[in-house]
1. Hey, can you find the accessible area per residue of the range 361-495 for me, probe 1.4 Å, expressed in square angstrom?
2. Sort 424-431, 355-362, 295-302, 235-242 for me by packing, meaning the mean count of neighbouring Cβ atoms within 10 Å per residue, highest on top.
3. Taking 0.36 nm per intervening residue step and subtracting the Cα-Cα distance, what contour gain separates THR437 from THR199 on full extension?
4. Peptides 203-211, 392-400, 328-336, 473-481: what's the order by average Cβ count within 10 Å, highest mean first?
5. Where in the range 198-213 is the amide nitrogen less than 16 Å from a point lying 7 Å along the Cα-to-Cβ axis of GLU181?
6. Ranked by accessible surface with a 1.4 Å probe, highest first, in what order do HIS408, HIS353 come?
7. Quick check: pseudo-label points 7 Å beyond the Cα along Cα→Cβ at PHE366 and ALA230, how many nm apart are they?
8. If you take every residue apart from GLY298 with its C-beta less than 11 Å away from the C-beta of GLY298, what net charge results, scoring Lys and Arg +1 and Asp and Glu -1?
Amino acid sequence: MKTERMLTGRGLQGFAWALTTLAMALTSAGCGDACVDDFDCRDQGAAPAGQRFACVESKCELTSVTVPDAGTEADAGASTDAGTGSDAGTTTDAGTTTDAGTTTDAGTTTDAGTSADAGTGSDAGTSTDAGTGADAGTTTDAGTDTDAGTGTDAGSDPCEAATYDPKLGTLQLQAGFVAGEAASLPSAAGPVGVTPGPTYSLYTVVSDGSSGPHALYSLGTWPQVSLGAAPLFDVAAPSDRSPSTSLFLSPFVETDGQHVLTGYTKSGGGFPGSVGVYDVAAPASSTYVSAPSNFSAGVVPGAFLINGGGLDTVSAGLGVYALKTDSSPFTALKVGTLPPETGGSGFTAVSTHGVAMIGYFSDDTFLNEGRAVAPAAITEALRSGTPFAVADAPALDVGSNFVAASGHGEGVSVLRGDYVPPDYNFAGTDVSRFAFTVTDAGATVTVGARQPVLVYADQCTRVTGLTPIGPDLLVGVDDKNGARLVRIQQAPQLR
């Protein structure tokens, strides 16, 4: 997989929405904790001592680290071992001809006990002895100056001394934006979805590990955020509710106000999976639809857009699919083809005026890319069933990798950053917005220049999620003061 899962697992710690964690985006290898090789497991965080994360049967699992034993191969116990060949125990052994016990033995002529003995002359006990001069106990001693215990000591945590804003922590709000209401986010919450308004109802997925249970919950109405007392809907389809079935939750919760969409995949050829559609007014009418490799989704009038490998009976490889909800039963069709350089599915985000940013992972740039598809192109594809070509839409000049995207008024915002060696954990740099201008009766989109919204001063506070709330942006934030949601609004003069 090539994505940092943001908010998917048990609380923020399991979400690489945490949106700690890829995205390069879900490739044909799958999503969640699915993998093709050990490299795909790099976003699992630090492993316990003596262990590492490895790709075992398409899943990232902890395995023991194999350390070359002193009794094997080029080990000290074999070929060039201290016990064989040119070993210290044979021909040139410290115990024979040039042995420390004979001719040049430490016990005779140049013995450590005579002439240049450790006890005389330039003995370690005098002159430059460890106890005097530039001794390790004085001047540049490890106990003073740049000692590991003082000054720039490796034992201090800069995040403990950092100054935290009550809402944004160490993140720096940029010109043109203001921080509105903020609310604590329950520790069990996963990705968050918000209804269109004017009353903003919030939903989230709570998951107890890969074997579940996985359930949709209410989070109340903004800004009174609290986890509902009981689950609303089982995210897993009935056939996938066995305790032995491992599910990889997709990092999205999308809602059009009448329905709430969630998703997951499993290991296996094509990474089979499903999306669940919860009916808010009639829960008994909720349903599940097959959706292999589903990774991201968005809402357009009358349909959910799903970036994945198929939907229901429509199977045509990685692309953009639509689940039309304006008729009963729902119908599925492919509405968009991804560019030829696509190596994996990517992010989806829709602006308030209907422009859909369709993302994909590029095998040319090894980055997530995004293009702005015009509202008229989406409407026509939904009507005719003829897919639009994502490659024909204008590109966002992100200038780096990005691991999350959300509608943000008449534009979208993305979380920029990249994976940093040696552990390849994601390091965010900023949240930036791209404004979209629509002309020609919805047929043409112009993408504006990148405008920073929030900038990382350090890695002490991190962005864990992005989701639209009306014309504004709801940002998940996490640091030593806990997880919270913050509403970011455009300054009045820019609306």
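1. I get 39 Å² per residue for this part.
2. Peptide ranking by packing, descending: 355-362, 295-302, 424-431, 235-242.
3. 83.0 nm
4. 473-481, 203-211, 328-336, 392-400
5. Of the residues in the range 198-213, 198-203 have backbone N under 16 Å from the label point off GLU181.
6. Result of the area sort, largest leading: HIS353, HIS408.
7. 5.2 nm
8. Net local charge, GLY298 excluded: -2.
The values are calculated or read from the model by the stated rules, or taken from the named source; none is laboratory data. This is a predicted model, so every value here is computed, not measured. Every residue, glycine as well, gets a Cβ built from its backbone with ideal geometry; the counts of neighbours run over all protein chains shown. Surface areas here come from the heavy atoms of the whole protein model, side chains and all, with no ligands, DNA or RNA. Shrake-Rupley method; radii C 1.70, N 1.55, O 1.52, S 1.80 Å.
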